[in-house]
Amino acid sequence: MQALARLCEVFPDHEKRPKWEYALSLYADYIRQGYEYTAPYYVAPASIYHEDEAEHRDEYDMGMIVQFMKNDDIIADYKTQVRSGIPLGKGYYLRRMPVAYAHRGNHALTLCGGKAAASIARLKNDYQLGELAQRQLEWIVGKNPFAESVMFGEGYDYCQEYAVLPGEMVGELGVGFACLGDHDAPFWPQVNTCVYKEVWIKPPLHWAWLAADIAGEANVRGSLRGDAGDITFTHHLTGSVYRFTPHSESGWFEGRVPAGEYTAAYNGRSDPSAQ
């Protein structure tokens, strides 16, 4: 998604841009529908699996799972995990948590899902997708079923993590929430062990990368005709009003407001759909 969004930005007049944008729109539809299955947290689901993938593992990149597929019992267990997800028809299932065996943890997938949402949101100026990207950060620092931040030193009730050599560091993240057995639900036991509480470099880097996409304010600018006073932006959530005075000759105005949904008003007219 990052590559496609970047192509659209760098080559706006390319003959293949409609195809790139179509692919982004398809993924955006997946995000909007798929994230509903993890409400009220709206965290990125792991993936869509097919129940027969394990029988054709040479055709799929199944990563570390292949190491554990030594007999028919493991293949049957793979099917059980897949089928504990949300059925989509024709043997396909949406799993909230990844299919896994000894190595479990999900922060990387969560934050990558947020990064994809943020990339499309920036290109399409889609505030809803930007909000879904924000939900991925919230999931990690406390808006989760355990009401616990899993980033050490950030938020409340964060716990010790499996940091063997450097010791505990503010901002560190482990591999992430696990799942219990074959269940498709997050699991976070208090025992401090690998792999789910093992501190890695990848999750905090993804965290910073995603935060860079969605942090900060929004730029508003434009040119107005006439001399009808200030243009105002009223934030839907907080009710805060931001006021800008257009230039007396050119009508140009420019400023910064917190990201959000607004009602823009000027010269007796209003538009409640400003984002």
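Results, tabulated for the structure shown:
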{"item": "Separation of alpha-carbon centers, region 243-274 and region 74-122, rounded to whole Å", "result": "42 Å"}
{"item": "Largest-first ordering by accessible area, 1.4 Å probe, given options Y49, Y92, Y22", "result": "Y22, Y92, Y49"}
{"item": "Spatially proximal lysines relative to K124 (Cα-Cα < 22 Å; intrachain offsets below 8 disregarded)", "result": "K16, K19, K115"}
{"item": "Stokes-Einstein translational diffusion, region 1-56 - Kirkwood Rh over all Cα pairs, 0.692 mPa s, 37 °C, in µm²/s", "result": "244 µm²/s"}
{"item": "Length added when fully stretched, Y41-R243, from 0.36 nm per residue minus Cα-Cα", "result": "69.3 nm"}
{"item": "Calculated FRET value between Q128 and Y101, using beta carbons and R₀ = 45 Å, to 0.05", "result": "0.80"}
{"item": "Low-density loop cleavage sites - chymotrypsin sites (Phe, Trp or Tyr not before Pro) in region 113-162, where at most 12 other Cβ are within 10 Å (DSSP)", "result": "Y156"}
{"item": "Exposure rank, largest accessible area first [E249, E55; 1.4 Å]", "result": "E249, E55"}
{"item": "19 Å Cα-Cα reach of K197 towards lysines, excluding residues that sit fewer than 8 places from it in its own chain", "result": "K143"}
{"item": "Two-decimal Rg to Rh for region 157-275 - Kirkwood Rh, Cα set", "result": "1.28"}
{"item": "The chain: equivalent-ellipsoid semi-axes (sqrt of 5 x gyration tensor eigenvalues, Cα, Å)", "result": "42, 24, 16"}
{"item": "Unit charges at the beta carbon, dipole of the chain: most positive-side option, A54, V191, A208", "result": "A208"}
{"item": "Solvent exposure ordering (accessible area, 1.4 Å, most first) of Y78, Y242", "result": "Y242, Y78"}
{"item": "Reachable lysines, given that their alpha-carbon falls under 23 Å from the alpha-carbon of K90 and they are not under 8 places away in the same chain", "result": "K79"}
{"item": "Length added when fully stretched, L165-S273, from 0.36 nm per residue minus Cα-Cα", "result": "33.8 nm"}
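The values are calculated or read from the model by the stated rules, or taken from the named source; none is laboratory data. Keep in mind that what you see is a predicted model, and the values were worked out from it rather than measured. FYI the Cβ positions are ideal-geometry reconstructions off the backbone, even for glycines, and counts take in every protein chain you see. Surface areas here come from the heavy atoms of the whole protein model, side chains and all, with no ligands, DNA or RNA. Shrake-Rupley method; radii C 1.70, N 1.55, O 1.52, S 1.80 Å.
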